[in-house]
1. With each run of n ≥ 4 DSSP H residues scored as -39500 (n - 2.57), what mean residue ellipticity at 222 nm is computed for the chain after dividing by its residue count and rounding to the nearest 500 deg cm²/dmol?
2. Going by alpha carbons, how many degrees (0 to 90, nearest 10) lie between the helix axis of 309-322 and the longest principal axis of the chain?
3. Greater than 18 Å separation of Cα atoms is the criterion. Which listed pairs, Lys347/Lys415; Lys234/Lys358; Lys247/Lys358; Lys181/Lys227, meet it?
4. Assuming R0 = 30 Å, what is the FRET efficiency of Met431 and Asp352, from their Cβ-Cβ distance, to the nearest 0.05?
5. Where both partners of a DSSP beta bridge lie in the chain, what percent of those bridges are antiparallel, to the nearest 5?
6. Using the crude model of +1 on Lys and Arg Cβ and -1 on Asp and Glu Cβ, and no other charge, please compute the dipole size for the chain relative to its Cα centre, in debye to 20.
7. Among the lysines, which have Cα under 17 Å from the Cα of Lys162 when same-chain residues fewer than 8 positions away are ignored?
8. Return the whole-Å distance between the Cα centroid of region 399-448 and the Cα centroid of region 175-235.
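All of the numbers you see were taken from the coordinates with simple rules; none came from a lab. On a predicted model such as this, the values are computed, not experimentally measured, just so you know. Heads up, the Cβs are rebuilt from the backbone with ideal geometry, glycines too, and the neighbour counts pull from every protein chain shown.
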Amino acid sequence: QTRCMAFRFLKAGSLAYRTTALRRCFICSFGQPLGGEFQMGFEAARTALHFRVKDEVGSLKKVLDLIEKDGFNMSDIHSRPMRSSGSSAEYEFDVQFAESYSAEKLDLLQGQLSSLCSLVKVYGTRDEDIPWFPKKISDLDKFAAKTLDAGAELESDHPGFKDAAYRQRRCDIVDIAKKYKHGDRIPRISYTEDEIKTWGVCYSHLRNLYSSHACRQMNEVFPLLEKYCGYNEKNIPQLEDISTFLKQATGFSLRPVQGLLSPRDFLNGLAFRVFHSTQYIRHHSKPLYTPEPDCVHELMGHVPLFANPSFAEFSQEIGLASLGATDEEIEELATVYWFTVEFGLCKEVTQDGKETVKAFGAGLLSSFGELEYCLSDKPTLKPFEPAVAAKTKYPITEYQPVYFVADSFESAKLKVREFSRTKQSRPFQVMYNPYTQSVEVLNTKQKILDKMRATNIQAEFLRETLASLI
């Protein structure tokens with residue numbers, strides 16, 4: 001069997017991850033109504049607490065009594081109901097303290113409350129505790145050159161390691177990406193005859209499988225790429241043409257990259273609807289194999305679905321969740337990404353009403369061998385649950401033994417949003433502003449109220465428009 005080994009997080013497992021002693025968390029979901037829980041500001045360097053209890057007589061009193069007994073001085077408390085789970089309803093509470101407390105004292109409180117609450121998180125508000133993240137799209141220039149591997153450097157087991165001409169070719173293409181800055185037109189690559197032949201072998205093998213193995217959205221978009229972006233087996237499409245097409249379709253754009261970015265940097269780019277793409281291609285001696293992302297993986301696997309609005313939103317959702325996340329949270333998000341954007345499967349209903357499973361992950365759509373394997377009876381298929389996927393181990397040098405099946409892109413997006421909401425430790429939320437291509441940090445009461453007013457105005461306009469049509 002042949003396989004494309006172009007996995008975005010090939011080196012993620014080798015990264016060193018740390019866990020901070022003091023977890024910072026402010027729970028907020030833009031998928032739910034904004035309410036009283038946002039009345040707390042974060043201007044002062046104070047400490048806060050988030051917890052969840054069952055809707056039972058005395059449950060809140062037990063928690064507050066313990067907080068008071070341990071010597072904590074509360075200044076604000078706000079609640080919100082959770083969705084009922086069976087016969088058991090729960091409430092969430094956000095408490096802000098009047099002063100800061102040590103990590104040791106907070107850890108002790110968290111341990112004591114864990115027996116009374118189904119969820120407990122403590123957080124501080126020091127900006128220096130938050131990892132740096134890009135605030136505007138041009139900030140992506142700051143880490144574009146920080147690649148982990150691949151690019152011009154090849155491992156000894158790489159098919160092109162002993163090919164001096166191929167190595168020089170890789171260096172030349174990598175240098176082009178190295179010079180790129182936001183706002184530049186993406187330079188066009190004049191691909192060689194060998195490179196085009198290699199592309200053609202991959203293209204014909206994969207194109208023949210898409211109708212039977214790829215998801216409906218892939219089969220809807222791919223003909224458009226052939227029509228408008230020059231996709232065919234005798235031509236390697238140019239990133240500039242594809243980026244222009246994607247911007248018009250969903251606002252996504254491509255950016256050339258030298259090699260593998262860190263999981264944090266790569267996910268941060270998705271928050272701005274930017275996909276970092278390589279421009280070099282695998283060695284011609286093994287056209288159906290590559291040990292790192294190349295243009296076949298990027299253009300055949302990733303690019304098509306970025307033209308689908310629902311998938312584009314899903315990808316950006318993961319990116320926004322990565323901004324300001326801890327290393328531990330990045331590791332979990334990267335794993336969720338692995339089992340969805342790279343190796344995801346989804347349910348579909350055929351014209352005769354039968355339910356079937358199709359592939360949407362880029363690692364599958366760019367791998368002839370694994371695309372056939374994933375829909376055979378050999379692997380194990382599980383329902384997509386981010387919390388389960390985030391803890392699942394996976395191999396990077398062989399076919400996946402387990403795949404997760406999403407009900408739909410929309411369902412996957414909502415599940416990732418909820419997963420991020422309960423896992424994030426940053427003391428703020430972020431919103432993407434497509435007009436300025438920047439991220440707005442919502443960390444004060446006034447910022448949130450301003451957003452609520454703007455949203456209410458838009459909602460009122462839509463209500464009036466709808467009423468006029470009835």
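1. Values: 14 runs with 172 residues, N = 470.
After summing the helix terms and dividing by the residues of the chain, the value is -11500 deg cm²/dmol.
2. 60
3. On the way: Lys347/Lys415 15 Å; Lys234/Lys358 27 Å; Lys247/Lys358 26 Å; Lys181/Lys227 29 Å.
Exceeds cut-off: Lys234/Lys358; Lys247/Lys358; Lys181/Lys227.
4. On the way: r = 43 Å, r/R0 = 1.42.
That pair, Met431 with Asp352, gives E of 0.10.
5. Numbers: 34 of 47 bridges.
In the chain, DSSP labels about 70 percent of beta bridges as antiparallel.
6. The calculation lands at about 300 debye.
7. Here the lysines satisfying the reach criterion relative to Lys162 are Lys286.
8. About 29 Å separates the Cα centre of region 399-448 from the one of region 175-235.
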